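Reading through the structure tokens given below for one structure.
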Amino acid sequence: MSLSSIDYIIIGVYLIGIALFGIISGGKQKTTEDYFAGSKTIPWWAVCFSIVAAETSTLTFISVPGLAYLTNLNFLQIAFGFLLGRIVVAFVFLPAYDKGGLKTAYTYLEERFGKKTRLFAAIVFLFTRIAADGVRLFATAIPLKLMLDISYPTAIVIIAIISLIYTYTGGLKGIIWVDVIQMFIYLGGAIVAGIFILNLLPNGIDSVINAADKAHKFSIINLGFQGGVKNFFAQPYTLLGGILGGMFLSMASHGTDQLIVQRLFAARNLKDGQKAVIGSGVIIIFQFAIFLILGVMLYAYYGSLNVRSDEIFPMFIINVLSHGIRGIIIAGLFAAAMSTLAASMSSLSSSTVLDLYLPFTKKEINEKKKLKTSRLFTIIWAVLLILSAVSFMESSKAVVEIALSIASFTYGGLLGTFLLGIFVKKAKQNSALFGFIFGILTMIVVISIHIVAWTWFTLIGVIATLIFGKIFIALHSNNRLQNS
């Protein structure tokens with residue numbers, strides 16, 4: 001596929017413009033609070049849009065339409081679970097965080113359990129994020145390599161450098177305002193692609209409805225009772241699995257993952273943070289609906305093809321879209337990629353500085369040096385993300401799938417530890433660490449033996465963490481009684 005001059009102009013103007021916008025909107029940072037929390041001056045709706053953009057990677061942009069092309073609209077069940085999870089975050093987690101004026105999600109764990117728990121949680125986050133987002137960065141390079149006719153490393157470096165420029169100079173404030181623009185860019189790209197498909201079909205929307213009806217593409221609810229109990233838990237997109245899986249995954253990602261929590265700390269006050277996180281849940285339902293309907297449209301256009309589901313949208317972009325439109329869609333791919341990548345760089349740097357560096361630095365450090373150190377860590381993590389992405393270039397499909405589900409290994413333990421702190425008053429540092437570690441070990445076993453679908457992973461991890469935490473509390477109480 002060759003791009004026209006207009007395609008290159010659109011892509012170039014977008015990349016340069018978004019970097020400049022991030023620099024200007026971020027303003028000057030004088031402290032680490034300016035750099036990592038935007039001085040808590042950002043309106044709730046901007047935080048809301050930024051949350052949506054940060055959690056939407058190119059994988060979502062490509063894979064969700066492919067999922068509907070291959071199956072139906074069952075994935076929307078998970079989206080409704082996402083909204084329920086964010087409501088819990090708004091009214092359970094955020095008030096607990098707000099009381100302490102916290103800087104990162106893991107500061108709460110130190111206040112509740114001590115430094116060791118905060119340190120362990122931060123390290124788990126860092127390793128999880130660098131691996132998971134390294135894969136997302138590599139996945140982004142796949143369609144860009146095909147569309148721009150460049151190598152994988154070149155595509156990876158282009159995306160990373162543009163993201164680093166406005167992350168380094170504009171801080172979280174710059175990232176959030178760029179995310180606001182990028183959310184509309186990638187959603188606009190999806191909508192433009194849908195309109196293009198409708199114009200290509202002989203009867204427009206009627207062609208989509210007829211094709212979708214025959215293939216049962218409009219099915220949203222799947223009770224999942226067919227095939228017995230074993231098959232019920234093996235299906236990822238059942239009503240119960242989708243609602244509970246989406247709910248607990250969203251509680252973990254939006255209540256305990258610094259990638260999202262960092263944005264909530266940037267809101268002006270608790271009420272604004274609550275509106276932002278709940279609002280993002282509403283938007284995400286509509287966003288997934290757009291991506292899924294696009295997949296149904298692709299089915300109406302192509303019919304049933306023997307291709308991988310996540311190849312269908314890139315194939316349409318490469319082979320069918322006209323010049324100019326193609327440039328807009330590629331800009332949308334860049335937008336989805338850079339919003340996640342910039343968020344990753346900032347959250348990795350903030351957790352490193354605030355959770356690991358400053359708490360364990362004995363000497364007094366002035367704000368100027370803190371800010372300089374924060375920017376240095378941003379560069380370091382950008383380089384490590386590039387290396388992580390490059391390391392997956394020769395990976396087989398199975399390895400990539402494992403890497404993409406890395407969060408599933410740790411989210412349950414992380415969320416379970418936070419819930420121990422909030423609801424179990426007797427829980428102390430040792431019980432929290434015991435529950436956390438054995439929650440992760442439980443998930444390694446569960447995921448390795450493939451007994452349930454991925455939508456159940458976080459819930460199982462939470463239950464295991466709570467059970468092991470309470471077992472430790474009970475054993476410790478019995479030992480004290482025996483020794484007294």
Legend entry - Among the candidates Ile318, Ile386, residue that is over 25 Å from the mean Cα position of the chain (by Cα) and part of a helix (DSSP H, G or I): Ile318
Legend entry - Sole exception among (1) touching a Leu at 6+ places or on another chain (Cβ under 8 Å); (2) part of a helix (DSSP H, G or I); (3) more than 30 Å from Thr361 (Cα to Cα) for Thr117, by number: (3)
Inset, instruction - Evaluate segment 203-211: report whether one residue or more is more than 30 Å from Leu321 (Cβ to Cβ), in contact (Cβ under 8 Å) with a residue 40 or more places away in the chain and either of a type in the set (A, V, I, L, M, F, W, C) or in the same structural domain as Trp454 (by TED's automatic domain parsing) (or both). - result: no
Legend entry - Residue in segment 345-375 that is farthest from the chain's Cα centre (by Cα), counting only those that are buried (at least 19 other Cβ atoms within 10 Å of the Cβ) and either among the polar types (S, T, N, Q) or not assigned by TED's automatic domain parsing to the domain that holds Ala54 (or both): Ser374
Inset, instruction - Return the only residue of Asp7, Asp98 being of a type in the set (D, E, K, R) and either under 21 Å from the mean Cα position of the chain (by Cα) or closer than 22 Å to Gly189 by Cα (or both). - result: Asp7
Inset, instruction - Pull up segment 448-459, narrow it to residues that are under 20 Å from the mean Cα position of the chain (by Cα) and in a helix (DSSP H, G or I), then point me to the one that is modelled with the highest pLDDT. - result: Leu459
Inset, instruction - Answer yes or no as to whether Ile260 is without any contact (Cβ under 8 Å) to a residue 24 or more places away in the chain, in a helix (DSSP H, G or I) and surrounded by 15 or more Cβ atoms within 10 Å (Cβ to Cβ). - result: no
Inset, instruction - Identify, from the list Gly26, Gly12, the residue that is in contact (Cβ under 8 Å) with a residue 12 or more places away in the chain and under 22 Å from Ile161 (Cα atoms). - result: Gly26
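The values are calculated or read from the model by the stated rules, or taken from the named source; none is laboratory data. This structure is a prediction, so every number in the text was calculated from the model and none was measured. Please note: Cβ atoms are built from the backbone with ideal geometry, for glycine as well, and neighbour counts cover all protein chains shown.
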